[in-house]
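The values are calculated or read from the model by the stated rules, or taken from the named source; none is laboratory data. This structure is a prediction, so every number in the text was calculated from the model and none was measured. Positions of Cβ are generated from backbone atoms using ideal geometry, with glycine treated the same way; all protein chains shown enter the neighbour counts. Note: accessible area is taken over every heavy atom of the protein model, side chains too, but ligands, DNA and RNA are not part of it. Shrake-Rupley method; radii C 1.70, N 1.55, O 1.52, S 1.80 Å.
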Amino acid sequence: MLAVGGSDEAARGLTAPARVTMVLEAGANPRPFLLTHPALLRSLPEIAAAESGQGSVDPQPDRDGVTRRVPLFVFDQGNIVPNLALEMLRVGSGAGAVGIVSGAQGVEGARLPALFVPTDAHGRIYPYFMPSYNARYISAADLLSGSYDPAGFAALQCFSA
């Protein structure tokens, strides 16, 4: 999984073709409502060749520097690009595509099989801030080494059906 970042400058020179996640559109055209960049900053082709997905990381902090909204989709060079977290959910669930649902007033949400994530009209979500809870944190090293029991995921509310 790789992140791509927004750039306010058009891409210079030759750029390698990028794999783009299929985004299925339902309803009205979402493009006028999405955050748009002239280009996305991508990984080197040698690194990107091994990735299983690419998602945008595009914080849009408020004037006080706090990020209160996160775009689930951005628009770049003719493509709608999902957010990194949404792309991780897509890859982890085995879905081949992610959906964007729009209406006359803007984006309504993102769709994955058996999951709908509502957004504001610009395709943004509002993170829920709460106190830290150690049981929510799982070491990537423990997952990779096999020392974490995957059954522990069932105990986490965010993975419950």
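Do we have any residue at all in region 4-11 that's more than 18 Å from Pro118 (Cα to Cα) and without any contact (Cβ under 8 Å) to a residue 12 or more places away in the chain?
No, every residue in region 4-11 fails to be more than 18 Å from Pro118 (Cα to Cα) and without any contact (Cβ under 8 Å) to a residue 12 or more places away in the chain.
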> In region 45-94, which residues are within 17 Å of the chain's Cα centre (by Cα) and acidic (Asp, Glu)?
Replying inline: Glu51, Asp58, Asp76, Glu87
>> Being aliphatic (A, V, I, L, M) and closer than 15 Å to Val20 by Cβ narrows it down to one residue among Leu44, Leu86, Leu35; which is it?
In response: Leu86
>> If I ask for residues that are open to solvent by 100 Å² or more (accessible area, probe 1.4 Å) and either touching a Gly at 6+ places or on another chain (Cβ under 9 Å) or free of Cβ contacts under 8 Å to residues at least 12 places away in the same chain (or both), which ones from region 115-129 would you list?
In response: Tyr128, Phe129
